[in-house]
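Undergrad: Below: one structure in C-alpha cells.
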Amino acid sequence: MEYNFSEIERKWQKRWAENGTYTVREDASRPKYYVLNMFPYPSGAGLHVGHPLGYIASDIYARYKRQCGFNVLNPMGYDAYGLPAEQYAIQTGQHPAVTTTNNINRYREQLDKIGFSFDWNREVRTCEPGYYHWTQWAFQKMFGSWYDNSLQKAQPIESLIRHFEEKGTEGIDAARSEELSFTADEWKAYSDREKSDILMNYRIAYQGETMVNWCQGLGTVLANDEVVDGVSVRGGFPVEQKKMRQWCLRVSAYAQRLLDGLETIDWSDSIKETQRNWIGRSEGTEMVFRVKDSDFNFTIFTTRADTIFGVTFMVLAPESELVPTLTTAAQKAEVDAYVDRVKKRTERERIADRRVTGVFSGSYAINPLTGEDVPIWISDYVLAGYGTGAIMAVPAHDSRDYAFAKHFGLEIRPLIEGCDVSEESFDAKDGIMMNSPRPDQVREGGLVLNGLTVKEAIAATKKYVEENHLGRIKVNYRLRDAIFSRQRYWGEPFPVYYRNGIPTMVPESCLPLELPEISEYKPTETGEPPLGHAVKWAFDTKTDTVVDKSLIDNVTVFPLELNTMPGFAGSSAYYLRYMDPHNDKGLVSKEADSYWKCVDLYLGGSEHATGHLIYSRFWNKFLYDIGCSVVEEPFSKLINQGMIQGRSNFVYRIKDTNTFVSLGLKNQYDTTPIHVDVNIVSNDVLDVEAFKAWRPEYSTAEFILEDGKYICGWAVEKMSKSMFNVVNPDVVIEKYGADTLRMYEMFLGPLEQSKPWDTNGIDGCHRFIRKMWNMFTDRDGNLCLSDAEPSRDELKSIHKLIRKVTEDIGNFSYNTSVSAFMICVNELSALKCNNREVLGILVRLIAPFAPHIAEELWEMLGNSTSVCDSNWPEFKEEYLKEDSVTYSISFNGKTRFTMDFPLDAASDQIQAAVLANEKAQAYIDGRTIRKVIVVPRKIVNIVL
RNA sequence: GCUCGAAUGGUGGAAUGGUAGACACGAGGGACUUAAAAUCCCUUGACCCUUACCGGUUGUGCGGGUUCGAGUCCCGCUUCGAGCACCA
C-alpha cells in the first residue's frame, strides 16, 4: 500500500467530524487544560502558510496534553468586526456581514484541511448578537462602576452615589478624570444633568471631552496603540489631535494592578517589558511652586527632586489651564500667538519638527527651597497629558531643558561634581552632588545635598519636601484611558440612548441591542457616524424597544448612540465565552468558569503587546472585581510565535530585451531583477515553461542557463501579493499533505523566532513521513508486523525518543523534536524494526504532530479507538542503560583519545586506568600531572 | 536617548560549562536504471600534512577576564532586530 496522504487525511478529517472526536465537556474527574490561539480576523485574502504556525504549535500541545490525561479545551473563532470589511462595503455597497461570512467560510475550509483538534461546537464570532450581547453587557457594567483606590477594586456606582449623599467627596479616594470637591448638600442640589456629568468623572466606562487621535482618512478616532509615528496603523493616514466627546474606559485606574500582575504570569521578558514601558510607571515628587506677587501656586512633577537647586526656569504645556492665569498683560499677545500656532500643528508635524520653540509668560515662580525667582515659560516640549503639565527645568541635567536654555540664553547651573555642561547636559543619575546653597543663604533648616550621591540626594529631597509640606511623593503612569468609540458602522452598537442629552443605558433585558441596517456605510452629510443613516434607531422607554427615529419626542422616545465600539471590545473577553459559548443567561456560567478558570497556554503574535493583551487583562480584572471571572490574570502562559516572512524569488532580465539570465551569470550583463511567482520556482530553480505561461509578455522569453538550469535570486520580504511570494497552505497540502505541512512548519526553526517561509527543506520532512510509513509495510505494500519481544536496540532508540519528545514539547522546542523523530526512524529502519510494541510507541509520539498518518497507522496496528485517546508513552530510564561508557580523555582540555569504562566504575578506578594507558603516557611524557578531572560519563581531563 | 533581545558552515538551525556544527536543505561522488523520477550509500566549516591511511592547526561578531575546559559565565565594545520616547 502506497502512502496516499490525501485519501488518509480526508478519511480521518471526516471521521473526526462524524464522531465528535474533539468535542469537549466539563469533566470534574479529569484535570483541565485550556489552550488558546488569538482568534483571526477573517480577511479576504484567506490564509497563507504563516497563519497556521501558531495553530499547529498549540494543536500539538493540546493533543499532547490530551494524551497525558487532561481534559483539553482548544477552541477557535473569529474576530469578525473590523475595518477592512467596512472599507470594502463603502467601495462596493456589499454588506460587511456578507463579506465577513464568506471570508469565514473560506478560512474554515482551509483550517479543516490542516487537521486541527478544535472543538467547533464552541466557535464564537464577535459580530453575532448572541456574542456581542455580552460585550454590551460588560460595557454597561463598567458604566455602572467606579474604581475605589483604597480598596484597589471596582465598586458599583450606587455606593459612590450613597457616599456623595452622605459626605460629598470627603474621604473618597477614587480613580477619576479630574479632582472634584463638593459637600453632601451641594450634591443634593445638583441637577440630573450635573449629577450625570459628575458621575462621568468616576465611571469606569465614561464619556469624556478628551484629546483624541482623529483620523480624517478613516473618518474615526483611534486608540493610542492604533497610531504609530503620527499615522494610522491601518491605511497609514495622518492622525491629528482633536478635542471630542468620546466614550472611554478607565484603564489607567488599573495601571498598578496591570503592572503587578506581570510578576505572576509566565510571559516572555520582551512582552512584559513592552507592557511595562506602555504602563510607564514613574516614581517621583510633586512640588508646589508659589507664583511671585500672587496668591496663586501650581504643582509640578519631577523624578529628579535632587536637582531642585539647579532650577533656572519653569515650563508649562501650551494646553495647560495655567497658561491664561500666569500670562501677564504685557506678554498676552505673544503667548496667545504661540499657543495658537502650536494648536494648529498635527501630531505628525510635532514629531517631524522638533525645533525648540517657546515663549515667556511674564510671571515668575518662587523656588520653594531657596526662595529664588524663576521665570515661567511656555513650550510644547512639555505635554499637557502627563504629570501636571508643568515642570521645573534643570538645564544642566536634562537634555530637553538644556536645549531650551541654550536656545533662549537661560542660565545653566551644574550640580554634580566634575560634570561638563558646556556642550551637553549631564543626564545620568550618578555622581556626587555639589553647589547646594549654604544653609544660611536659605530658609532655616535648609537642605544641603553636597557630597551625597544622586540616589541619596533624591531620597533626602523627597523626605525634606514631605516633612516641610512643600509637596508629596507621587507615582505617575504613562498609561492613558482607552478611547472606546469609533465613528464606524461595522462594530458593536453602544446600548445607550440620550435622555435629553444625558447618556442612559438601555435596560439589561433589552440586550443585545442589535446593529441596525443602513443604506450607506459612509458618514452622513452632517458628519454623523454611519449609524446616522439608520432609520430604526431610537429607543422607546415605554415599550423598551427600538423604534423609528421619526418617533423621537424626547419624552418617551429618545435617540440612540451613533458610535460603535472599537475592535478590541469583542476580543477582550472571548476566552471566557469559549468556556460556555451557548449560554444566553450570562457571559459564562459560574460552573464553566470555575472549571476552566483561565487560559493555560495562549499563543499569538507579539504585535498585540500594547493593544489586545493590555485591554483583555484590564477587562478581565474588571470582571474579576465584579465576580464574573474567577482569576485575575486571563492568560497564565503566553508564547509569541514569530512571523513567517515571505521568501521572494527574482529573475534577471537583460535590459531592453526579453532575455533572462541565471543568477550566477547575471553580473556579465546589465540586468533588472523582477519578482517571480515563488510557486513556479522550486529550490530556486525556475520552471521555465511555467514562467512562459505565467504572463503573456514572457511567452517569448529566452533564457541564459547555467548547467542547464535557470537559478533565481532570492530575498526575505514581507509575505504579500505584490511580491508574488505568498504561499497558500492548500497548495502545500495538495502536494505533500497536511502532516508534512505540520511537521515542516515546526521544523523550520524555533517557534518564537520570525523566519522566512522557504519551501526548499520541505522534501526532507516529506521523505521522513514516507519512511515512517514504509516501516509498517513490506515491499509489496502489505502490513508486516512482528509480535516478538522488542530488541534492546529498538527499545533504546524508542525510549530516547520518548524522553526527547516529551522534554521538547514541554519547552515548545518543536523543531528539535522533529529532528529526534527523524533520527529515531532512521535508527529503527536500519534495525529493520517492525515490532508492534515499538511502532505503537512511535505512532503515539507522533500523533500530536502528524495526526492523520498516526490515526491510520494506529488503526493498522489493530486499535479501535482514536490515537487521541491513547496514553502518552512512559519513558523508562533502564532501556537507555549501557554496559560501558565512552569517556573522552583530554590533556589540558584538548581531547586526544577515547576509552570505555564499565558503567559503574568509580572515578579513582577510571583515573588509574587512564594513567596506566600507553597512549596517555605518551601525552604525559615526563611532565608532572597537576590534576585529574573526571566528569561523570563524559570526560577525563588531565591537567599537566 | 532608555529598555529588552540576538549574532554559530553555502542555507534553516542543534549543543544542562565538558568531543561545536545534531537534524534537514543544498552541493559533490557512487549504486540501481536503456533513461529519468524515486530510493539507497559515501563525502561536505576552513586550512595544512599525506600516494593513501593516520594525523595536525584553526574555528561560534570583536577585545579582555574567570576556569583544567567557554558558543555557553563575567567586563568592555561592534552590528542587527524589537519596544518606548520631548513622559520631566
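The values are calculated or read from the model by the stated rules, or taken from the named source; none is laboratory data. What you are looking at is a predicted structure, and each value in this text was computed from that prediction instead of being measured. Methodologically, a virtual Cβ is constructed for each residue, glycine included, from the backbone with ideal geometry; neighbour enumeration extends over all protein chains shown. SASA here: full protein model, heavy atoms, side chains in, ligands and nucleic acids out. Shrake-Rupley method; radii C 1.70, N 1.55, O 1.52, S 1.80 Å.
Undergrad: So with the 1.4 Å probe, I'd like the accessible area per residue for the range A:499-631, rounded to whole Å².
TA: 39
Undergrad: Just grab the label-to-label distance for A:K721 and A:T865, each label 7 Å out from Cα along the Cβ direction, in nm (one decimal).
TA: Once both label points are built, they end up 4.8 nm from each other.
Undergrad: Among A:N476, A:Y464, A:A403, whose Cα projects farthest towards the positive end of the dipole of the range A:399-492, with charges put on the beta-carbon of Lys, Arg (+1) and Asp, Glu (-1)?
TA: About the Cα centre, the residue reaching furthest to the positive side is A:N476.
Undergrad: Residues of the range A:520-543 with backbone nitrogen within less than 15 Å of a virtual label 7 Å along the Cα-to-Cβ line of A:D192, please, listed as ranges.
TA: Residues passing the 15 Å test: A:540-542.
Undergrad: Counting other Cβ atoms within 10 Å, keep those with at most 16, restrict to DSSP loop, and tell me which trypsin sites (Lys or Arg not before Pro) in the range A:290-326 are left. Mind dumping the intermediate values first?
TA: Numbers: sites: A:R290, A:K292, A:R304; in loops: A:K292, A:R304.
Passing sites in the range A:290-326 are A:K292.
Undergrad: Pick out the long, greasy-scoring helices in chain A: whole DSSP H runs spanning 20 Å or more along their own axis by Cα, mean Kyte-Doolittle at least -1.0. Write out the running numbers ahead of the final one.
TA: Details: long enough: A:5-19 (21 Å, -1.85); A:52-67 (22 Å, -0.64); A:96-114 (27 Å, -1.06); A:129-143 (21 Å, -0.79); A:762-776 (23 Å, -0.23); A:792-811 (29 Å, -0.90); A:814-830 (24 Å, 0.74).
Span-like helices in chain A: A:52-67, A:129-143, A:762-776, A:792-811, A:814-830.
Undergrad: Measuring with a 1.4 Å probe in the full set of protein chains, what accessible area per residue, in whole Å², belongs to the range A:882-933? Before the final figure, lay out each step's value.
TA: Values: 3480 Å² over 52 residues.
Solvent-accessible surface per residue comes out at 67 Å².
Undergrad: Once the principal axes of the Cα atoms of the range A:792-944 are found, what is the range along each, listed largest first in whole angstroms?
TA: 70, 29, 23
Undergrad: Pop the C-beta distance of A:H469 and A:T183 into the FRET formula with R0 = 22 Å and round what comes out to the nearest 0.05. Walk me through the intermediate numbers first.
TA: Working: r = 25 Å, r/R0 = 1.12.
Result of the calculation: an efficiency of 0.35.
Undergrad: May I ask you to list the residues of the range A:775-815 whose amide nitrogen lies under 14 Å from a point 7 Å from Cα along the Cα→beta-carbon direction of A:L880?
TA: A:795-809
Undergrad: Can I ask one more? Tell me, what is the percent relative contact order of the range A:382-515, built from C-alpha pairs under 8 Å that lie six or more residues apart?
TA: Computed value for the range A:382-515: 13 percent relative contact order.
Undergrad: Still on this structure, please answer the following. In nm, to one decimal, how far is the A:N583 label point from the A:N917 one, both placed 7 Å along Cα→Cβ?
TA: Modelled inter-label distance: 6.7 nm.
Undergrad: Next question. First compute the accessible area of chain A with a 1.4 Å probe, then give the percent of it belonging to carbon and sulfur atoms.
TA: Carbon and sulfur atoms account for 48 percent of the accessible area of chain A.
Undergrad: Sticking with this one: Please find the FRET efficiency linking A:K429 to A:V233, where r is the Cβ-Cβ separation and R0 is fixed at 35 Å, and quote it to the nearest 0.05.
TA: 0.50
Undergrad: Quick one: go through the range A:350-382 and flag any residue whose amide nitrogen is under 11 Å from the point 7 Å out along the Cα-to-Cβ line of A:T328.
TA: Residues passing the 11 Å test: A:361-365, A:375-376.
Undergrad: Here is a follow-up. Pairs of alpha-carbon atoms within less than 8 angstrom and 6+ residues apart define the contacts here; what relative contact order does the range A:551-598 have, in percent?
TA: 24
Undergrad: Using the C-alpha gyration tensor of the range A:571-633, what are the square roots of 5 times its eigenvalues, in whole angstrom, with the largest one first?
TA: 20, 12, 11
Undergrad: If you don't mind, another one. Which residues' amide hydrogens lie under 5 Å from the amide hydrogen of A:I704, considering only partners 5 or more residues apart or on another chain, with H built in the peptide plane?
TA: Amide H neighbours of A:I704: A:F660, A:V661, A:S662.
Undergrad: So what's Rg/Rh here for the range A:290-407, counting alpha carbon atoms and using the Kirkwood radius for Rh? If you can, show how the numbers build up before the last one.
TA: Working: Rg = 13.7 Å, Rh = 14.5 Å.
Reported Rg/Rh (Cα atoms, Kirkwood Rh): 0.94.
Undergrad: Further question on the same structure: DSSP loop (so not H, G, I, E, B), at most 16 other Cβ within 10 Å: list which trypsin sites (Lys or Arg not before Pro) in the range A:782-862 pass both filters.
TA: Counting only loop positions with at most 16 other Cβ atoms within 10 Å, the trypsin sites (Lys or Arg not before Pro) in the range A:782-862 are A:K832.
Undergrad: Is the shape of the range A:204-357 best called rounded, prolate or oblate, per the rule: a/c under 1.5 gives rounded, else a/b larger than b/c gives prolate, else oblate, with a ≥ b ≥ c the square roots of the Cα gyration tensor eigenvalues?
TA: oblate
Undergrad: Tell me, what is the percent relative contact order of chain A, built from C-alpha pairs under 8 Å that lie six or more residues apart?
TA: 12
Undergrad: Starting from the Cα gyration tensor of the range A:121-239, multiply each eigenvalue by 5, take the square root, and state the resulting semi-axes largest first in whole Å.
TA: Values: eigenvalues 228, 88, 34 Å².
Each semi-axis is √(5λ); the values are 34, 21, 13 Å.
Undergrad: Students often get this wrong, so check it: of A:K113/A:K721; A:K188/A:K621; A:K243/A:K585; A:K11/A:K735, which have C-alpha atoms separated by over 27 Å?
TA: Going by Cα-Cα distance, A:K188/A:K621; A:K243/A:K585 fall outside the 27 Å limit.
Undergrad: Same structure again: With the Cα gyration tensor of the range A:86-146 giving a ≥ b ≥ c as the square roots of its eigenvalues, does the rule (a/c under 1.5 for rounded; else a/b larger than b/c for prolate; else oblate) give rounded, prolate or oblate?
TA: It comes out oblate by the Cα gyration axes.
Undergrad: Report the label-to-label distance for A:T659 and A:N105 in nanometres (one decimal), using points 7 Å from each Cα along the Cα→Cβ vector.
TA: Spacing of the two 7 Å Cα→Cβ label points: 5.2 nm.
Undergrad: Now, a different point. Using only the Cα atoms of the range A:840-882, construct the convex hull and provide its projected area averaged over every direction, in square nanometres to one decimal. Mind dumping the intermediate values first?
TA: Working: hull surface 13.7 nm².
Mean orientational projected area (the range A:840-882, Cα hull): 3.4 nm².
Undergrad: Now for a different question. Specify whether the C-alpha gyration tensor of the range A:748-826 places it in the rounded, prolate or oblate class, a ≥ b ≥ c being the square roots of the eigenvalues: rounded for a/c under 1.5, otherwise prolate if a/b is larger than b/c and oblate if not.
TA: oblate
Undergrad: How far, in nm, would the chain grow between A:E7 and A:D778 when pulled straight, counting 0.36 nm per residue and subtracting the alpha carbon separation? The partial results should precede the final answer.
TA: Numbers: separation 771, 0.36 × 771 = 277.56 nm, distance 2.00 nm.
Gain on stretching A:E7 to A:D778: 275.6 nm.
Undergrad: Please list, or write none, the aspartates and glutamates whose alpha carbon is within less than 20 Å of the alpha carbon of A:K153, excluding same-chain residues fewer than 8 places away.
TA: Filter leaves A:E170, A:D173, A:E178, A:E179, A:D260, A:E263, A:D481, A:D625, A:E632, A:E633.
Undergrad: If you split all Cα-Cα distances of chain A into 10 Å bins from zero, what percentages do you get per bin, shortest first?
TA: Taking all Cα pairs of chain A, the binned fractions are 2, 9, 15, 17, 17, 16, 13, 8, 3, 1, 0, 0 percent.
Undergrad: Using 0.36 nm per residue, how much length does the chain from A:T543 to A:A690 gain when fully extended, once their Cα-Cα distance is taken away?
TA: Length gained between A:T543 and A:A690: 46.2 nm.
Undergrad: Another question, if that's okay. Rounded to the nearest 0.05, what FRET efficiency do A:E697 and A:K735 have when you use their Cβ-Cβ distance and R0 = 30 Å? Please list the in-between numbers first.
TA: Numbers: r = 28 Å, r/R0 = 0.93.
Result of the calculation: an efficiency of 0.60.
Undergrad: Work out Dmax and Rg for the range A:357-412 from the C-alpha atoms and quote the Rg first, both in angstrom.
TA: Here Rg and the maximum Cα pair distance are 11.2, 29 Å.
Undergrad: In square angstrom, what is the accessible area per residue of the range A:102-191 with a 1.4 angstrom probe? Walk me through the numbers before you get to the answer.
TA: Working: 4150 Å² over 90 residues.
Normalised by residue count, the accessible surface of the range A:102-191 is 46 Å².
Undergrad: Find how much the distance from A:E240 to A:E508 grows on full extension, using 0.36 nm per residue of separation minus their present alpha carbon separation; answer in nm with one decimal. Kindly include the intermediate steps, with their values, before the conclusion.
TA: Values: separation 268, 0.36 × 268 = 96.48 nm, distance 3.64 nm.
Net length gain for the segment: 92.8 nm.
Undergrad: Taking A:K718 as the anchor, which lysines have their alpha carbon closer than 23 Å to its alpha carbon, excluding any fewer than eight residues away along the same chain?
TA: A:K755
Undergrad: May I ask you to list the GluC sites (Glu not before Pro) in the range A:90-184 that are in a DSSP loop and have at most 13 other Cβ atoms within 10 Å of their Cβ?
TA: Hits after loop and neighbour filter: A:E170, A:E178, A:E179.
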